[in-house]
Amino acid sequence: MTPRHKVRWVSEAFSIAWVRRVRFGALAAVPLPAGHDPVSPEVLSRLEPEERALALTEGGRRQIEVVGGRLAARAAAAHVGAHWPALLSGAEREPLAPSSWSVSISHKNDLALALVGPAHDGTLGIDLEGDERERIAIAERICRPEEFDEVQALPANAQWKSVLVRFAVKEAVYKAVYPHVRHFFGFQAAHVDVVNAAKVTLFLPPEDPRVELETELEWLSPQRLLAMVRAKR
């Protein structure tokens, strides 16, 4: 797991908190405001016209997330020399990047993150998980039976962290792999080896294309984990 980076934070809502290079490309963070108020016209004006139209079809938190994610994606793209007229959404609300680039977005209530990298290196997936709560009750839903047994064998104070790693990695795996298979698959379709650098084994239908996965974990705080995954045929 990559240690937490020391970065200079900018905390103003919809500003660029930071942008930096990571293993799979560039990663950018945008703080999000609390509440459900509509995004201001001044912030919306920073989007491309089609992105602004997309944001205006959403309301409440979803509008805030769409705007924050697009601003983060544009900042990350600039960091690696990527350009596009607008970043719209597909059927699964996945960002539709130009064919030469891969983009993945994740957000919590206070933060949106975007990862951008060259598509020829593989398709990207990120997921941000964790807060002050330990929701161990979701373990059986997140874990395959053998993973759940591993979790239960751990000391009580280590169980949630093990579940959190699997949760974040599996969400990121779905985002990275979906462009190759174009169908939904759930948590049970992936096994995450939390001891061996979060190595992932997929259990997908035999007709699906085979993909190789690379994973990278980063703890942004003791409770908050960012998982990054790259998938390549």
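The values are calculated or read from the model by the stated rules, or taken from the named source; none is laboratory data. Because the structure is predicted, anything quoted here is derived from the model rather than measured. Cβ sites come from the backbone with ideal geometry, for glycine too, and all protein chains shown count toward neighbours. With ligands, DNA and RNA removed, areas are computed over all heavy atoms of the protein, side chains included. Shrake-Rupley method; radii C 1.70, N 1.55, O 1.52, S 1.80 Å.
Tabulated data
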| quantity | calculated |
| --- | --- |
| Count - residues of region 139-148 that are open to solvent by 10 Å² or more (accessible area, probe 1.4 Å) and in a helix (DSSP H, G or I) | 5 |
| Unmet criterion (only one of (1) out of contact with any strand residue (DSSP E or B) (no Cβ under 8 Å at 6 or more places or on another chain); (2) under 20 Å from GLU129 (Cα atoms); (3) of a type in the set (Phe, Trp, Tyr)) for PHE184 | (2) |
| Which listed residue, of GLU94, GLU140, is of a type in the set (Asp, Glu) and touching a residue at least 40 places away in the same chain (Cβ under 8 Å) | GLU94 |
| Leading residue by the ranking (nearest to GLU48 (Cα to Cα)) among those in region 73-90 that are open to solvent by 60 Å² or more (accessible area, probe 1.4 Å) and part of a loop (DSSP other than H, G, I, E, B) | PRO85 |
| Within region 91-138, tally of residues that are part of a loop (DSSP other than H, G, I, E, B) and open to solvent by 50 Å² or more (accessible area, probe 1.4 Å) | 11 |
| Unmet criterion (only one of (1) open to solvent by less than 10 Å² (accessible area, probe 1.4 Å); (2) closer than 18 Å to LEU128 by Cβ) for VAL151 | (2) |
| Residue tally, condition in contact with a helix residue (DSSP H, G or I) (Cβ under 7 Å, 6 or more places away or on another chain) and open to solvent by 50 Å² or more (accessible area, probe 1.4 Å), over region 154-177 | 1 |
| Conditions (1) in contact (Cβ under 8 Å) with a residue 40 or more places away in the chain; (2) in contact with a helix residue (DSSP H, G or I) (Cβ under 8 Å, 6 or more places away or on another chain): number failed by SER99 | (1) |
| Qualifying residues in region 1-26 (those that are modelled with pLDDT of 80 or more and of a type in the set (D, E, K, R)) - the one least open to solvent (accessible area, probe 1.4 Å) | ARG20 |
